[in-house]
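Each value in this text was obtained by applying a stated rule to the coordinates, not by laboratory testing. Predicted model only: the values in this text are computed from it and were never measured. All Cβ positions, glycine included, derive from the backbone under ideal geometry; neighbour counts span all protein chains shown.
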Amino acid sequence: MNINLKHLHYFWLIAREGSIAQAAERLDLAPQTLSAQLASLETHLGQTLFRRAHRRLQMTDSGQWLYRYAEQIFALAEEMETGWTQREPQAPIQLTVGVAASIHKLIAYQLIQPALSLDRPIHLRCHTGQTSDFILALKKQRLDVLLTDQLPQAITETDWVITELLRSPISLFAAEPLASRLKADFPASLHQQPLLATSYTTPYFQQLMLWFQQHQITPGFVAEIDDSALIKVFGHHGQGLFAAPAAIRAEVCRQYQVKELARLDGVKDVIYALSRRASTQHLGVQAILQVNTSKKPDDRAD
């Protein structure tokens, strides 16, 4: 078929970005130039690869067939490029990590730390945000690895490498006066007490709500805070009790001057690493995956 690899790369980027304009920006090309290159590829193949749908380009059946092969080709090229740049021992390794906002920052640091302990310099870029946004960034190769507590339903292990890094029971924490008051007659004492909530869609928070229901407890929600560090600051100032993984209880109590009220062994926080298959060749990603998965399941990050 003798496909021009440059044209195939342009097609792949357009499909990945969802529009000619965004792909052209990534390539630093004029949109008209990129559109002409795509037209040349379609003429060569005798197939239409995209159709317009709601101001975006949508791949045709032929486009989807071609994209599956292009994805494999350029994933292998990425793997080769990553391996080549890591051959020079003194060259710094570029590592870009996405961290879901709901993940507690103490855990995020401990999970990333093995990459910082390699015998060569690391240039780390770490971003916090929403898992859905980071999934898109992974697809566009703007991230090497994503740490998240929420696996999108549509994701499959054929698309990504999914690695469980941590599984920890959840503990309840509160500032000293509130914790002392709630210790008596626990857990009934929690009824109608102020609770600081993370995002309601967080899996462990949903488990916590079920635990409350099983104990006939109705918490008094005072705030929904999707930043795991900020929720601890509110807790430190006595605004309510909050939940955090038991794996970091010592650090939470020390850093935020709160008390552990109880450990709920039936409520678990699970943290996953998502990466593209090519990224598993990245030395920094390898360190994060290998060191953390070698620990005992309920002891990771402790």
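Helix 105-116 and the longest principal axis of the Cα set of the chain meet at an angle near 50°. Of all DSSP bridge pairs formed entirely within the range 103-256, close to 45 percent run antiparallel.
Here is the tail figure for the range 5-85: Cα pairs spaced more than 14 Å apart come to 63 percent of all pairs. In this structure the amide hydrogen of Asp269, modeled in the peptide plane, comes within under 5 Å of the amide hydrogens of Ser168, Ile170, none closer than 5 places in sequence on its chain.
From largest to smallest, the equivalent ellipsoid semi-axes obtained for the range 25-65 from the alpha-carbon gyration tensor read 18, 15, 8 Å.
Springs join every pair of Cα atoms under 10 Å in this Gaussian network model of the chain, and among Ala184, Ala101, Ala250 the largest mean-square fluctuation is at Ala184.
The amide H of Thr96, built 1.01 Å from its N in the peptide plane, has Arg125, Asp144, Val145 as neighbours under 5 Å, considering only residues 5 or more places off or on other chains. Taking the Cβ of Ser102 as the centre, find all other residues whose Cβ is under 12 Å away and add up their charges (Lys, Arg: +1; Asp, Glu: -1). So the surrounding residues net to -4. What does a probe at Leu27 reach in the range 113-157, counting residues whose amide N is under 20 Å from the point 7 Å along Cα→Cβ? Within reach of a label on Leu27: 139-142.
If R0 equals 35 Å, the separation of the Cβ atoms of His9 and His54 corresponds to a calculated FRET efficiency of about 0.85. Per-residue packing, averaged as other Cβ atoms within 10 Å, sorts the ranges 136-142, 122-128 into the order 136-142, 122-128, beginning with the highest. Between Ala77 and Tyr109, the FRET efficiency estimated from the beta carbon spacing at R0 = 30 angstrom works out to 0.40. For the chain, relative contact order (Cα pairs under 8 Å, six or more residues apart, normalised by length) works out to 23 percent.
How much of the DSSP beta bridge set in the chain is antiparallel, as a percent to the nearest 5? Present the calculation step by step, with values, prior to reporting the outcome.
On the way: 24 of 40 bridges.
Taking every DSSP beta bridge within the chain, about 60 percent pair in antiparallel fashion.
In square nanometres and to one decimal, what's the mean projected area of the convex hull around the Cα atoms of the chain?
Result: 18.8 nm².
Could you sort out which of Lys6/Lys140; Lys232/Lys259; Lys232/Lys268; Lys183/Lys232; Lys105/Lys183 sit more than 23 Å apart by Cα distance in this structure? Long pairs (Cα-Cα over 23 Å): Lys105/Lys183.
Here the gap between Arg263 and Asp226, fully extended at 0.36 nm per residue and compared with their Cα-Cα distance, gives a gain of 11.2 nm.
Classify the range 175-302 as rounded, prolate or oblate from the Cα gyration tensor: take a ≥ b ≥ c as the square roots of its eigenvalues, call it rounded if a/c is under 1.5, otherwise prolate when a/b beats b/c and oblate if not. Prolate, because a/c is 1.5 or more and a/b exceeds b/c.
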